[in-house]
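Nothing in this text is a laboratory measurement; each read-out follows from the coordinates by a stated rule. Computed from a predicted structure; not experimentally measured. No Cβ is skipped: glycine too gets one built from the backbone with ideal geometry, and neighbour counts run over all protein chains shown.
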Amino acid sequence: MLLAIMERGMISAMIEGEKRPPKVKGEQTICVGCGSTLRAVMPQFKVAHWRHNCGDCDPWSEPEGEWHLGWKSFFNPRFCEVFMRDPESQEIHRADVLCPQSGGEGVVLELQHSPISEEERIAREVFYTKENRMFWLLNMGRTSALSFNFSSCLNFSEANRIEIGGRDFYRMEWFMRGTMLDKWKQSRVHVFLNHGPFIFYLATMAACRSLVGGQAKGEFALARLTVLEFLRAVAGDDPFALTISSAESEGG
Ligand SMILES: [Zn+2]
């Protein structure tokens, strides 16, 4: 289960020209999203963060645990918790990660720990894909039951392999009761699954319609990639987007 090490809030905010976590109790700054006051929260056993004085301006924000913070720590704070505003509706949300890419659309990465409704999934996809591409990263280790069920289904045997768009996908089946993946297969953006040190790319209607269109309930297909391949896909060509050293990232 989620050990929230941060209530709803932001790790970093703009203060004195720098985007950073709070350093001392009593610090205040202004939220660049909504203009209201942010106060430093310095819990004894949790992570220092900023909290809105009068309620978080992003209704999609959720309490965060080590899983969120671990993934965000791969990215330069400048590219984390990035406010975006819909020019028409004026709706504001902050992307967990937004990496601009030279000469094209940036990539929004949403780190999804808790289950969300179909309506909210679609609303987020619509909002974040107005000017960017979007990746979901789902935490498949969220509970021990989910983690066990998911790992029990993994099957990368040669007989299950199918190549689509130059990528090897492996067909599998969720043979326990109830799978969250049936709804995620319907996504119109890129869906990645994280389980322990592994990343899997889910075949979705958006990316693999020919395969997913013929799948029965419970069937799904995954391609494997390394954490580094995933991080590079999010960061694109910006050498400053990742906090890992260039030597590491060259090593592959
Ligand atoms: Zn705000």
Original post:
Distance in nm between label sites at Glu16 and Phe240, each 7 Å beyond Cα in the beta-carbon direction?
Top reply: 2.1 nm
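Computed FRET efficiency, Cβ-Cβ of Asn155 and Ile122, R0 25 Å: what is it to the nearest 0.05?
Numbers: r = 30 Å, r/R0 = 1.19.
According to the calculation, E is roughly 0.25.
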**OP:** Over the alpha-carbon set of segment 65-252, work out the extent along each principal axis and list the three values in angstrom, largest first.
**Re:** 43, 42, 33
Original post:
When the helix-only estimate is applied to the chain (DSSP H runs of n ≥ 4, each -39,500 (n - 2.57), divided by the residue count), what is the mean residue ellipticity at 222 nm, nearest 500 deg cm²/dmol?
Top reply: -5000 deg cm²/dmol
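Students often check this: by mean Cβ neighbours within 10 Å, which of 104-117, 162-175 ranks highest, and how do the rest follow? Each step should come with its number before you reach the end.
Details: 104-117: 18.5, 162-175: 14.7.
Descending packing order for the listed peptides: 104-117, 162-175.
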Original post:
Once Lys and Arg get +1 and Asp and Glu get -1 on their Cβ, which of Cys153, Leu109, Met134 lies farthest toward the positive end of the dipole of the chain?
Top reply: Cys153
**OP:** Mind putting together the pair-distance distribution for segment 1-58? All Cα pairs, 5 Å bins, whole percent per bin, short to long.
**Re:** 4, 21, 32, 24, 13, 5, 1, 0
**OP:** Using the 4.7 Å Cβ rule, please list in number order the cysteines from the chain without any candidate partner.
**Re:** Cys31, Cys54, Cys80, Cys99, Cys153, Cys208
Subject >> Descending semi-axes in whole angstrom, ellipsoid equivalent of segment 27-106, from the Cα gyration tensor >> reply: 22, 18, 11
Original post:
Label Ser73 and Glu229 with points 7 Å out from Cα along Cα→Cβ: what is the distance between them in nm?
Top reply: 2.5 nm
**OP:** Would you please put 226-239, 68-81 in order of how densely packed they are, using the mean number of other Cβ atoms within 10 angstrom per residue and starting with the highest?
**Re:** 68-81, 226-239
Subject >> Counting DSSP beta bridges with both ends in the chain, the antiparallel % (nearest 5) >> reply: 75 percent
**OP:** State, to one decimal in nm, how far the label point of Gln186 lies from the label point of Val24, with both points 7 Å from Cα in the Cβ direction.
**Re:** 5.3 nm
**OP:** Scan around Glu27 for amide H atoms under 5 Å from its own, H built in the peptide plane at 1.01 Å from N, and keep only partners 5 or more places away or cross-chain.
**Re:** Ala40
Subject >> Whole-number percent relative contact order across segment 1-58, with pairs defined as alpha carbons under 8 Å at least 6 apart >> reply: 34 percent
Subject >> FRET E, pair Glu173, Val32, Förster distance 41 Å, beta-carbon r, rounded to 0.05 >> reply: 0.35
